[in-house]
Amino acid sequence: MQLLELTPAEIAFLSAPSSAPDGLQTRLTRKLAATLSARLRLPVQATAQPAPAPVDAPVTPVWQPDAVLASLWLTRRLGGRHVAGAGSFVPATLVRTLDAVLAECWLDAPPQAALPAALAWRITTDLAQATVAVQVPRFPTDMTRWAQEVIRHG
């Protein structure tokens, strides 16, 4: 079998220097949208939002999904098609899923710069619009230790 010659566009693509790695929030935004789309079985768009800085830095990441996201999660995971009302609690399965997404993104490429105190997203689907935020530890070593533990026990 004979290989075809590369086109000029293919040669340019392969010889271009690799771009700078994406930031943690950019990678996390993509992974969050993909994971939620798969788990909820509907298209999900995640958009980064400004997040207020917490008063105290937590020892481990602390997720803050709103009541709409909790309701959407419960409704879709239980097979429902219509979201009604707002959840009065946050399902543990939602938090574990969010933890796994954050841990994988962190371990794939820990940021070299200072960690943001908090990150937030607007979650948009055909059924609802929600928000979710996460407060992160101040020190990268704490994040790495936490992420390894999440992956090990996940």
Practice prompt. Scan (1) 13.5; (2) 11.4; (3) 15.0 for the value of mean projected area of the Cα convex hull in nm² calculated from this model and give just the label.
Written response: (1)
Worksheet item: Top mean-square fluctuation among Leu78, Leu24, Leu115, Gaussian network model of the chain, C-alpha springs under 10 Å?
Response: Leu78
Worksheet item: What dipole magnitude, in Debye to the nearest 20, does the chain give about its Cα centre under +1 on Lys/Arg Cβ and -1 on Asp/Glu Cβ?
Response: 520
Worksheet item: Going by average Cβ neighbours within 10 Å, how do the peptides 89-95, 25-31 rank, with the highest at the top?
Response: 25-31, 89-95
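Of the accessible area of the range 70-120, with the probe set at 1.4 angstrom, what percent is carbon plus sulfur?
Values: 1500 of 2680 Å².
The value for the range 70-120 is 56 percent carbon and sulfur by accessible area.
Can you tell me the accessible area per residue over the chain, all protein chains present, probe 1.4 angstrom, in square angstrom? Walk me through the intermediate numbers first.
Numbers: 9580 Å² over 154 residues.
Dividing the accessible area of the chain by its residue count gives 62 Å².
The values are calculated or read from the model by the stated rules, or taken from the named source; none is laboratory data. Everything numeric here is computed off the predicted structure, so don't read it as measured data. Cβ coordinates were reconstructed from backbone atoms using ideal geometry, including for glycine residues, and neighbour counts include every protein chain displayed. Remember, those area values only see protein heavy atoms, side chains included, never the ligands or the DNA or RNA. Shrake-Rupley method; radii C 1.70, N 1.55, O 1.52, S 1.80 Å.
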